[in-house]
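Novice: Once you've had a glance at the structure underneath, I'll fire off some questions.
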Amino acid sequence: MLQSLFPVIRKTSARLGARSLFTSIPCRADPWVLPNTPEHIKQTAPPEDAAESPVLSEFPPIPRPGETPEKTRSRLLYQVRKRGTLETDLLLSTFATRQTLDAMSVEELREFDKLLDEPDWDIYYWSTEKRTPPPRWQNSTILEKLRKHAKNEGKEVRRMPDL
């Protein structure tokens, strides 16, 4: 009786595209590839034919004229924790501690603010040197400091800083 149901189950599974326990039915590739794998790096890369400086969003960054450096530091400290991608959140929030932000000049704060306008996975892969950054970030002092931080040469255990 059960043997007669196998062809029906196989056809239904194949039609629905569902994964099956049967080895004779091919499974589709996993749509949720793991970060830091070659598949993910390729999947999140900009297209080959993309312009040198692609438009990342329809909306430009919010202009903040007259923002004091202390307010900028507080805003950046909040923004690095609320990116949306855990890997980038951890990397940026451990980098941008209160001591690091206090040591930055106003120009470095502006550069760091512009870096945060980039997509999460781009920042992550540029900092871990899995991908080369575009020319606009090639000589960035902030990105260089972030790369040094990402290497974690002291092998310290990192976790999200307390608020």
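Only the coordinates and a few stated rules stand behind these numbers; no lab work does. Predicted, not measured: the structure shown is a model, and the values here were computed from it. When we count neighbours, we look across all protein chains shown, and the Cβ atoms used for this are built from the backbone with ideal geometry, even at glycine.
Novice: Which aspartates and glutamates does K145 reach when only Cα atoms under 14 Å apart count, and residues fewer than 8 places away in its own chain are ignored?
Specialist: E108, E111, E129, E153
Novice: Hey, what do the phi angles of the range 71-83 turn into as Karplus ³J(HN,Hα) couplings, whole Hz, using 6.51/-1.76/1.60 and θ = phi - 60°, x for Gly and Pro?
Specialist: 5, 4, 4, 5, 5, 5, 4, 6, 5, 6, 8, 10, 7
Novice: Still on this structure, please answer the following. First check a/c for the range 62-105, with a ≥ b ≥ c the square roots of the eigenvalues of its C-alpha gyration tensor; if it is under 1.5, answer rounded, and if not, answer prolate when a/b is larger than b/c or oblate otherwise. All intermediate terms of the calculation are to be shown ahead of the outcome.
Specialist: Details: a/c = 3.23, a/b = 1.45, b/c = 2.23.
Taking the square roots of the gyration eigenvalues as a ≥ b ≥ c, the range 62-105 is oblate.
Novice: Could you check the spin-label model distance between I41 and Q79? Points 7 Å from the Cα along Cα→Cβ, value in nm.
Specialist: With each label placed 7 Å out from Cα toward Cβ, I get 2.8 nm.
Novice: Treat each spin label as a single point 7 Å out from the Cα along the C-beta direction, and report the E107 to T68 distance in nm.
Specialist: The two pseudo-label positions are separated by 2.4 nm.
Novice: Please list 3J(HN,Hα) in residue order for the range 31-37, calculated via the Karplus relation 6.51 cos²θ - 1.76 cosθ + 1.60 where θ = phi - 60°; whole Hz, with x for glycine and proline.
Specialist: Values, residue by residue: x, 10, 6, 6, x, 6, 9 Hz.
Novice: So how far apart, in nm, are the two label points at E144 and T132 if each is 7 Å from Cα heading toward Cβ?
Specialist: 1.8
Novice: Can you work out ³J(HN,Hα) from phi for every residue in the range 132-138, in order, using Karplus 6.51 cos²θ - 1.76 cosθ + 1.60 and θ = phi - 60°, giving whole Hz and x for Gly and Pro?
Specialist: Values per residue, Gly and Pro as x: 7, x, x, x, 5, 10, 4 Hz.
Novice: Can you give the FRET efficiency to the nearest 0.05 for K114 and L34, using r as the Cβ-Cβ distance and R₀ = 41 Å?
Specialist: Numbers: r = 29 Å, r/R0 = 0.71.
It comes to 0.90.
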